Structure formats: C-alpha cells, structure tokens
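The values are calculated or read from the model by the stated rules, or taken from the named source; none is laboratory data. Predicted model, so just to flag it, every value in this text is computed and none were measured. Positions of Cβ are generated from backbone atoms using ideal geometry, with glycine treated the same way; all protein chains shown enter the neighbour counts. The protein model used for the area step is the full one, side chains on, heavy atoms only, and it has no ligands, DNA or RNA in it. Shrake-Rupley method; radii C 1.70, N 1.55, O 1.52, S 1.80 Å.
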Amino acid sequence: MQKKTTLIALLPILFGFFVMGFCDIVGFTSDYVQRSFGWSDAVTGFVPSMVFIWFLFLGIPVGNMMNKWGRKNTVLLSMAVTVVGMLLPLVAYNGVTCMAAFAFLGIGNAILQVSLNPLLSNVVTDARLLTSSLTIGQVVKALSSLMGPQIVVLAIGWFGDDRWFYCFPILGAVTLLSALWLMLTPIKREVASDSTLSMGDSFGLLKDKTILMLFLGIFFVVGVDVSTNFIASKLMVSRFAWIQEEAKIAPQIYFFSRTVGALLGAVLLARFSEIKYFRVNIVACVAAIAVLVAIDDAIVNLACIGAIGFFASSIFSIIYSMALQARPEAANQISGLMITAIAGGGVVTPVLGFVTESTTIVGGAYVILACVLYLCWCAFGVKVAK
C-alpha cells in the first residue's frame with residue numbers, strides 16, 4: 001500500500017521533469033530565431049541567455065521563499081509563469097515578444113528546478129534511491145528535450161514554415177496539464193519554516209569547499225549541455241557544408257544519446273557508487289570532445305556529439321544529489337544555490353558565440369572542452385560524504 005501511495009505521488013512529479021525539459025528547445029530554435037531576424041552568431045548566442053540567466057537571479061530567492069510557500073505550491077507557481085509566457089508569441093511575433101517568451105520560459109524553469117528536485121525528497125527518502133529518482137527525472141527531461149525539435153517540426157507542419165513559434169502554445173498546453181495533475185495529487189508537505197535567509201546567508205554556503213566545487217560543477221555541466229546543443233548543427237553546417245535540413249540530425253543525435261545515457265544511469269546509479277560513475281563518464285566525455293576537435297570527419301563528429309550527450313547525461317543529478325547529501329540540513333538553500341549555477345548555460349553560450357565568430361566553429365568546441373576539464377578536476381577532487 002505504501003509503495004502504491006508513493007508511486008501515485010511520484011508520477012506527477014516525474015512528469016514535471018518533462019516540463020523542465022522545455023528550456024532545452026532554445027538551442028534548436030535559435031537557428032530559426034537567427035534566420036527570422038537576421039542576427040549574427042554573437043547576438044544569437046544571447047538567445048539561450050534569455051532562458052538561463054534567470055537562474056542566477058531567482059535560484060536563491062526562490063529557494064528561501066520556498067520555506068514559506070511550500071515545495072508543491074512553488075512548482076505550481078512555476079508552471080503558471082510558463083503558461084503565460086508560452087502565449088506571448090500568439091499576441092505578436094517579433095524580436096521582443098520572442099525574447100520575452102524565452103525569458104518567461106526561463107523564469108518558470110528556474111522556479112521549477114529549484115522546487116521540483118527537492119519535492120522528490122518529500123516522496124523518496126532513501127539517499128541512494130533519491131539519486132536514482134533524480135536520474136529518472138533527468139531521463140524524463142531528456143525525453144522532453146528529444147521531443148522538443150519534433151514539436152517545432154510539428155508546428156511547422158501544421159501552421160507553415162514561418163510559424164515555427166506555434167510550438168510555444170503547444171508547450172503551454174502540456175505545462176497546464178502537468179500543473180492540473182500535480183494540483184490534484186496529495187503530497188505530504190515538508191515542515192514549514194518561517195525563517196528567511198539573505199542572499200549573503202545562501203552564498204555563505206560557498207565557504208564550504210565541497211559546496212563550492214559542486215556549485216561550479218553544476219555551472220559548467222549545464223554550460224556543456226546548452227553549448228553542445230547550441231553548436232551541434234552549426235558545426236555540421238560550417239565544417240562540412242551541410243544544409244540546415246541535414247544538420248538538424250546533430251542535436252537530435254545529441255538528445256537521443258543523452259536520453260539513453262540518463263536511462264542507463266538511472267539503473268546503474270541505484271547499484272553503483274555515484275562518484276565512480278561520475279569519474280568514468282567525465283573522463284570519457286573529455287575523450288569525446290578531444291576526438292571531435294582533432295578529427296575532421298562528419299560521421300566521427302556526429303558520434304562524438306552523441307558521446308558527449310551520453311557520458312554527460314547523469315552528471316547533473318549526481319552533483320546535485322552530492323550537494324544535498326553534503327548539507328541535508330539546508331536542503332532548500334542548497335537547492336536554490338545549485339539551481340543558481342544553471343546560469344552557466346546563459347554564460348557559456350555567449351562566450352562560445354564570440355569565440356566562434358572570432359575564430360572558427362571548432363574554436364567554440366574548445367570552450368566546451370574547458371568546461372569538461374573542470375568537471376574532470378571536480379570528479380577527482382571533491383570529498384564524498386560518508
């Protein structure tokens with residue numbers, strides 16, 4: 001009976017991870033935005049920033065306010081913000097409303113990621129099962145990321161080539177469905193707290209060397225994810241003169257591989273040490289990027305793009321879980337702090353865009369390599385909680 005009750009509460013939370021995956025659509029749609037408004041690579045590099053920069057400003061405040069609001073209520077708030085944003089391009093489609101839609105998507109996603117991950121711990125209490133459950137959530141998120149380009153293609157098929165942005169209301173409808181499901185599902189609320197911590201209190205957690213390393217780990221692993229998604233199709237166009245229609249396969253291979261990797265990780269992390277899994281996968285990821293940079297072959301490059309997605313797929317959930325286990329007494333604040341680090345997706349891509357425009361598309365791959373090298377140092381340097 002207890003397992004059935006847990007499953008009933010777990011399913012709508014896991015479906016929330018599907019909504020969480022909507023932010024990954026920004027990498028694929030950036031090509032459409034660039035063509036619609038004639039923007040350069042450097043300017044287009046700021047499109048992902050409109051989604052991910054909000055994590056920097058909202059992660060800690062939301063994590064603190066969640067003490068009063070409750071985790072479930074905070075998740076519902078995030079979905080309401082997302083639904084509103086997804087309707088904006090229908091009012092008028094131009095550069096401003098398009099960026100505003102991405103901004104609302106980012107704001108909603110920032111609130112969602114702060115609240116949904118710890119909401120899992122309201123249902124799953126065992127530490128190892130929590131890591132596995134977080135990884136299952138990443139599988140669901142990866143499935144959403146994989147389906148994102150298909151939703152854009154679906155919108156184009158229904159409404160025409162210049163109406164790709166009709167994917168936004170489709171995402172809004174799915175978000176509304178997720179909110180209603182969660183709203184109607186009883187989930188025991190965590191113990192409410194009236195305490196309010198300042199930004200300084202939360203950032204003060206970074207004085208803990210382990211928390212600082214893990215914070216930067218989240219920053220750079222999201223940077224790797226968003227940047228690889230952002231650069232994948234552009235790499236095939238620039239390096240091998242593929243047309244846009246051919247190049248679409250690159251981010252799809254990336255998302256498919258990430259989905260498979262997250263699914264495998266969900267199974268293996270329930271049985272094996274998360275730190276060993278972290279180390280093996282991140283070393284393999286370094287090797288994949290090194291081959292991508294060194295070998296000028298289309299098939300090899302596609303394989304490397306897929307390998308990056310596969311080997312990096314479980315890193316976020318591992319780092320996040322390690323942070324929660326390092327300071328369980330400050331779970332909400334740790335969640336807010338770690339989610340703040342997702343702003344790495346909005347910081348790394350503009351850097352990549354400028355490097356690409358100043359050098360070559362392969363130069364952008366070196367930016368991704370630098371991020372992965374930090375993660376490798378983190379994997380072998382972080383102290384694991386006993």
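One table, with the values for the structure above:
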| read-out | value |
| --- | --- |
| Residue list for segment 74-107, given a label point 7 angstrom along the Cα-to-Cβ vector of residue 180 and an amide N cut-off under 15 Å | 80, 83 |
| Shape of segment 1-148, Cα gyration tensor, a/c cut at 1.5 | prolate |
| Mean separation of Cα contacts under 8 Å, 6 or more apart, over the residue count of segment 87-164: relative contact order % | 13 percent |
| Highest to lowest packing among 223-236, 95-108, scored as the average C-beta count within 10 Å | 223-236, 95-108 |
| Helix-only mean residue ellipticity at 222 nm for the chain, each DSSP H run of n ≥ 4 adding -39500 (n - 2.57), per residue, nearest 500 | -26500 deg cm²/dmol |
| Segment 229-386, dipole about Cα centre (Lys/Arg Cβ +1, Asp/Glu Cβ -1), debye to the nearest 20 | 560 debye |
| Student exercise, the chain dipole from Lys, Arg, Asp, Glu Cβ charges, in Debye to nearest 20 | 1220 debye |
| Probe 1.4 Å - accessible area at residue 369, Å² to nearest ten | 30 Å² |
| Positive-end residue, segment 173-326 charge dipole about Cα centroid, Cβ charges, pick of 295, 319, 179 | 319 |
| Sulfur and carbon atoms: percent of accessible area, the chain [1.4 Å] | 70 percent |
| Segments 110-118, 359-367 sorted - mean Cβ within 10 Å per residue, highest first | 110-118, 359-367 |
| Whole-number percent relative contact order across the chain, with pairs defined as alpha carbons under 8 Å at least 6 apart | 28 percent |
| Most positive-pole-ward Cα, 200, 223, 368, against dipole of the chain from beta carbon charges | 200 |
| Global form of segment 43-96, assessed from the alpha-carbon gyration tensor, a/c cut-off 1.5 | oblate |
| Distance between modelled label sites at residue 383 and residue 36, nm, 7 Å Cα→Cβ extension | 5.0 nm |
| Rounded to whole Hz, the Karplus (6.51, -1.76, 1.60) HN-Hα couplings of segment 45-55, x for glycine and proline | x, 7, 4, x, 4, 5, 8, 8, 5, 5, 4 |
| Solvent-accessible area per residue for segment 227-336 (1.4 angstrom probe, square angstrom) | 37 Å² |
| Cα gyration tensor category, rounded, prolate or oblate, for segment 230-269 with a/c compared to 1.5 | prolate |
| Relative contact order for segment 313-382, counting Cα pairs under 8 Å that sit 6 or more residues apart, in percent | 16 percent |
| Modelled FRET efficiency - R0 41 Å, residue 264 with residue 244, Cβ distances, 0.05 increments | 0.85 |
| Accessible area (Å², 1.4 Å probe, nearest 10) - residue 320 | 0 Å² |
| Rounded FRET efficiency, nearest 0.05, which uses the C-beta distance separating residue 96 from residue 170 and R0 of 22 Å | 0.55 |
| Per residue solvent-accessible surface (Å²) - segment 76-196, probe of 1.4 Å | 42 Å² |
| Matching label, log10 I(q)/I(0) by the Debye sum over Cα atoms at q = 0.08, 0.11, 0.12, 0.13 Å⁻¹ computed from the structure shown, candidates [x] -0.70, -1.13, -1.25, -1.36; [y] -0.46, -0.86, -1.00, -1.14; [z] -0.37, -0.72, -0.87, -1.03 | [z] |
